Amino acid sequence: KKIKAQAEAAESWYLALLGFAEHFRTSSPPKIRLCVHCLQAVFPFKPPQRIEARTHLQLGSVLYHHTKNSEQARSHLEKAWLISQQIQQFEDVKFEAASLLSELYCQENSVDAAKPLLRKAIQISQQTPYWHCRLLFQLAQLHTLEKDLVSACDLLGVGAEYARVRGSQHLRLPPQLLLMERKLQEVHPLLTLCGQIVENWQGNPIQKESLRVFFLVLQVTHYLDAGQVKSVKPCLKQLQQCIQTISTLHDDEILPSNPADLFHWLPKEHMCVLVYLVTVMHSMQAGYLEKAQKYTDKALMQLEKLKMLDCSPILSSFQVILLEHIIMCRLVTGHKATALQEISQVCQLCQQSPRLFSNHAAQLHTLLGLYCVSVNCMDNAEAQFTTALRLTNHQELWAFIVTNLASVYIREGNRHQELYSLLERINPDHSFPVSSHCLRAAAFYVRGLFSFFQGRYNEAKRFLRETLKMSNAEDLNRLTACSLVLLGHIFYVLGNHRESNNMVVPAMQLASKIPDMSVQLWSSALLRDLNKACGNAMDAHEAAQMHQNFSQQLLQDHIEACSLPEHNLITWTDGPPPVQFQAQNGPNTSLASLL
């Protein structure tokens, strides 16, 4: 009786402390310090190993997700992992500790510590399907981040075979879908096969819709990577309908009978943000920039709510990718000052996570390069693009940077040797380095721009007509607008005013719809000069007024951007992002090329 009473007393004090800790954790706002105090108060009681290990896991999890104290979080998680391995049938604590600890190691760029930990956990988790599959995915993701796709695919193959042996069709699909990253030519038949399996699979409605989201996200991103903005529309529409269906379903559906089917690839709330994100990616590529802004606002609002209670690294990745896309939109719409402040925001997010910075450093310098071009700081633009090229081994990003760097050399006018070298590496007529439809169309445009500056107008027209043909085929509105206005300029120089007008008017209409401030400025100047040459005084005056308005808006934004302390970021080309910025006295760049 005495032993039983002691056990009940031990259980009561533990449950009381646990209850207080959870109360403080879920308070609004969360009271993390008090939560940690309650959990730490467990140890002086010298609890049994099970309680000790679980408490170390809970402390490690709270510190990891809600504080910046990674050292203490790591210490508690290591203790939880060590103690739990000595306890029989304690899988939930054991493998959650391993998963979280390896995640923390990766955040600290200690990948060499994460790999053996995950391998050990995978080895001893074969009788626990949920954790075995989750840990396999985690190690595969780690190899993917290191660009070791062969190892990642091997692990996913192990996962697919394990799911087959366990009789889980639900779990067999995600590894099959991810295997398509290995060979591009196998993507379409594999997508078709997986689509059929998803549609024919009979099971829990939430699981089925979750799989459909997984499948459609991969399908949409595959099309977007290929620059096929028009072709992706049916898949994107299905994805948006699918996430609406999931949001109406309740999580308290009947639990699956097969324990392997408990695995979910992503929480429902995270899926919603991911669908917003791919919608933003599509809108930005297609040139629907107001729509991109609308969905970015929705996604960022949702992210802020989620991050109050969930500091999962994937949420910060979503936030950075959203900001990267909306920054490009701002630069097009003539909101450089806002874009610069958002670049600074990305820097701050990257300062909080070494892994996030290593994954996005090249993109960050690319964005700074695009900003430098927009404010006519060409030397800084070249330095930023060169830095980005040094940091990336992603083929599509490399081609994007080279295309923009070529346009910088064209505008500088005195870098012919470097320019010829770059143009040869992105020759759209033969051996183009990537399969992206959009990037190949952009390479034709850059060739046309260079030929225009060289005075080789017939050659320029050939390249620009190729761009138009490709951009019209996939609804690439910005490239269409840029090609039309440049063709209009060529016809104007050649004295063919009628043909010039036929190009410039639709360019202006499309640029207004996007809206693309630079193309509007260029088009209005051409319309002014065209109407003057044709003796249409009223139309010329109206176009001149439009040009003046666009010039003033760009000038005001230019001054505001260059006056911000964050403008000094344009000189940063090495190491982690600077923490503080010195205030600027005012803009020190010329507006001649803009106006």
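The values are calculated or read from the model by the stated rules, or taken from the named source; none is laboratory data. This structure is a prediction, so every number in the text was calculated from the model and none was measured. Cβ: placed from backbone, ideal geometry, glycine included. Neighbour counts: every protein chain shown. Only protein heavy atoms, including side chains, enter the accessible area calculation; ligands, DNA and RNA are left aside. Shrake-Rupley method; radii C 1.70, N 1.55, O 1.52, S 1.80 Å.
At a 10 angstrom cut-off on C-beta neighbours, averaged per residue, how do the peptides 110-120, 394-404 rank from highest to lowest? Walk me through the numbers before you get to the answer.
Numbers: 110-120: 15.7, 394-404: 19.3.
Answer by packing, highest mean first, reads 394-404, 110-120.
Relative contact order, percent, of the chain when contacts are C-alpha pairs under 8 Å separated by at least 6 residues? Mind dumping the intermediate values first?
Values: 769 pairs, mean separation 53.4, N = 595.
So the answer I get is 9 percent.
Considering only protein heavy atoms and a probe of 1.4 Å, how much of the accessible area of the range 65-115 is carbon and sulfur, as a whole percent?
Roughly 40 percent, rounded to a whole number.
Rounded to the nearest whole Å², what accessible area per residue is found for the range 79-166 with the 1.4 Å probe?
Ligands and nucleic acids excluded, the result is 46 Å² per residue.
Using the Cα centre as the reference, give the magnitude of the dipole from point charges on the C-beta atoms of the range 371-440 (Lys, Arg: +1; Asp, Glu: -1; all else neutral), rounded to the nearest 20 debye.
On the way: 5 positive and 7 negative charges, 17 e Å.
Charge dipole of the range 371-440: 80 debye, to the nearest 20.
In square angstrom, what is the accessible area per residue of the range 409-456 with a 1.4 angstrom probe?
47 Å²
Would you please give the residues with an amide H less than 5 Å from that of GLY334, counting only those at least 5 places away or on a separate chain, with H modeled from the backbone geometry?
For GLY334, the qualifying residues are MET517.
If packing is taken as the average count of other Cβ atoms within 10 Å, what order do 50-57, 38-45, 568-575 fall into, highest mean first?
Working: 50-57: 21.6, 38-45: 16.5, 568-575: 14.8.
Packing order, densest peptide first, comes out as 50-57, 38-45, 568-575.
Could you give the length gained by full extension between THR26 and GLN240, i.e. 0.36 nm per residue of separation minus their alpha carbon distance, to one decimal place? Display every interim value, and only then the final one.
Values: separation 214, 0.36 × 214 = 77.04 nm, distance 3.11 nm.
Answer, rounded to one decimal: 73.9 nm.
Could you derive backbone 3J(HN,Hα) for the range 88-94 from the dihedral phi with the Karplus parameters 6.51, -1.76 and 1.60 (θ = phi - 60°), listing whole Hz in sequence and x where the residue is Gly or Pro?
The phi angles translate into 6, 6, 10, 4, 4, 6, 4 Hz.
Between the range 346-384 and the range 416-444, what is the C-alpha centre distance in whole Å?
23 Å
For the chain, what does -39500 (n - 2.57) per DSSP helix run (n ≥ 4), summed and divided by total residues, give at 222 nm, in deg cm²/dmol to the nearest 500?
Details: 26 runs with 444 residues, N = 595.
Computed mean residue ellipticity for the chain: -25000 deg cm²/dmol.
Between helix 437-453 and the chain, what is the angle of the helix's C-alpha long axis to the longest principal axis, kept within 0 to 90° and rounded to the nearest 10?
With rounding to tens, the tilt is 30 degrees.
So what J values fall out for the range 513-526 if you push phi through Karplus, 6.51 cos²θ - 1.76 cosθ + 1.60 with θ = phi - 60°, rounded to Hz, Gly and Pro as x?
With the stated coefficients, the range 513-526 comes to 6, 4, x, 10, 5, 5, 5, 4, 4, 5, 5, 5, 5, 5 Hz.
How many percent of the accessible area of the range 396-550 is carbon or sulfur, using a 1.4 Å probe? The partial results should precede the final answer.
Numbers: 3390 of 6800 Å².
Roughly 50 percent, rounded to a whole number.
Taking every alpha carbon pair in the chain, what does the distance histogram look like in 10 angstrom bins from 0, in percent?
3, 14, 23, 24, 17, 11, 6, 2, 1, 0, 0
To make sure I understand the rule: partners must be lysines, Cα under 26 Å from the Cα of LYS46, and not fewer than 8 residues away in the same chain. Which ones qualify?
By straight Cα distance, LYS46 reaches LYS1, LYS2, LYS4, LYS31, LYS79, LYS94.
Would you kindly derive the ³J(HN,Hα) couplings of the range 357-371 from the backbone phi angles with the Karplus curve 6.51 cos²θ - 1.76 cosθ + 1.60 (θ = phi - 60°), listing them in order in whole Hz, with x for Gly and Pro?
5, 5, 7, 10, 4, 4, 5, 5, 5, 5, 4, 5, x, 5, 4
Pull up the cross-link candidates among the lysines for LYS294, meaning alpha carbon to alpha carbon under 22 Å and not fewer than 8 places away within one chain.
LYS294 reaches LYS230, LYS233, LYS237, LYS268, LYS305, LYS307, LYS336, LYS513.
Quick one: helix 70-84 against the long Cα principal axis of the chain, what's the angle to the nearest 10°, folded into 0 to 90?
40 degrees
Kindly express, to the nearest 10 degrees and within the range 0 to 90, the angle between helix 416-425's C-alpha long axis and the longest C-alpha principal axis of the chain.
50 degrees
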